[in-house]
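Bear in mind that the values in this text are calculations on the coordinates, not laboratory data. Keep in mind the model is a prediction, meaning the values are calculated, not measured. So basically every Cβ, Gly included, is an ideal-geometry build from the backbone, and we count neighbours across all protein chains shown.
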Amino acid sequence: MAVVRIFRDKKLVHQETKTFSRHAAADKWAKEREVALEDPTALLRAQAGGGVALRDLIQWYMDTFRSVSSWGRTKQSQLEALKNHTTGQADALLLDSSVLVDHVRARRASGIAPSTAGNDLTWLGVVLRAAKSVKKLPVRPEIVAEARDACRELRLIGKSRKRVRTPTYEELVALDGYFERTDQRSNTEIPMRQVMWFAIYSTRRQEEITRILRRDNDPDRRLGLVRDLKHPTDKQGNHRHFRYTPEAWAIMEMQPKVDGEDRMFPYNPKSVGSRFTRACQVLGIENLHFHDLRHEGTTRLFESGLQIPEVAAHTLHDSWAVLKGYTHIVVRSAILHAPFLPAALANSHRSASARGTSPASRRSASRGRRRLPAKATSVLQA
């Protein structure tokens, strides 16, 4: 029987045994294994019983860092998808760029967008870098950059398409009426009519709405605070003040106080999104997302005559370049705004008053309600 023992710092870290019928064969095998196990990767594979599955590394990364990094649903869902994909069965210690390129090619063939395929490479790089620096595994994070360059040349990955969708007047009327009816049901917890219009008037994202705290509001300056504002690399602790529009402030003040709860809208953001998606399905409204309400609100801010720095104070865009895409907007008819003043929301019925400041403008808007304005022309996603 041949025995191979590997020591590191006088400690036994690995041992293998094998039985042979001849002493010469045993001696040859032992020498070959000693040479092979000098390679750190080979040693780790032997210690792991054959290798380290990529899916196990992804699971380790999620278990170790999610509680302290507090990443969002999007990153978590993409990590879960990677773990469950067939690529997750690959040996992380033997990964090379060709495996990752094949993964991206297969994902594109399944119908996903170029930007989503690119995100796969991003998260794989994050996992491999963590495994190398924390677990001291001899993985090669640099293969992600190699694969990304190859995928770009092959046009397998690319930037996300700019979303052009904002709700039409007809769709807003339908949604407003639908939520007015469903909000009156006894089993309805979320006042979706108010939430929808708050999303438009405040330009806040779905999860931001459900995190706004009463104690963070400044009544004198009409400011609110978004805690942990969405950011590509620095979300944790990224607290930013935003300016309320008069309409958003009025809707905010309508929210009843709940004992032991400081959130203005103490609801599950997933439930808010589900209610909105369900309403669109019932009404036959296609390709409209809750986030499109943020685009609608940004469009309205520019229509009201605000300049880019003023709009950014409401939307909290870091890049003014994004907001420049809205500056060519053609102002839509005033009837788009007419029926939806906050006063109507308080009484859960549609107001007949218009948004204009003069009686003449209100009468004009009221007479024109049945006409549909041109579709909004904002073209960039926020």
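Descriptive notes on the structure:
- Within region 54-153: Cβ-based charge dipole about Cα centre, in debye rounded to nearest 20 (Lys, Arg +1; Asp, Glu -1): 300
- Lysines with Cα under 22 Å of K28, excluding same-chain neighbours fewer than 8 positions away: K18
- Neighbour counts of C-beta atoms inside 10 Å place F302, F179, F65 in the sequence F65, F302, F179, starting with the fewest.
- Put in line by how crowded their Cβ is, counting other Cβ atoms within 10 Å and starting with the fewest, I200, I6 read I6, I200.
- Fewest-first sequence of Y267, Y326 by Cβ atoms within 10 Å of each Cβ: Y267, Y326
- Packing rank of 202-214, 91-103, where each peptide gets the mean count of other beta carbons within 10 Å, highest leading: 202-214, 91-103
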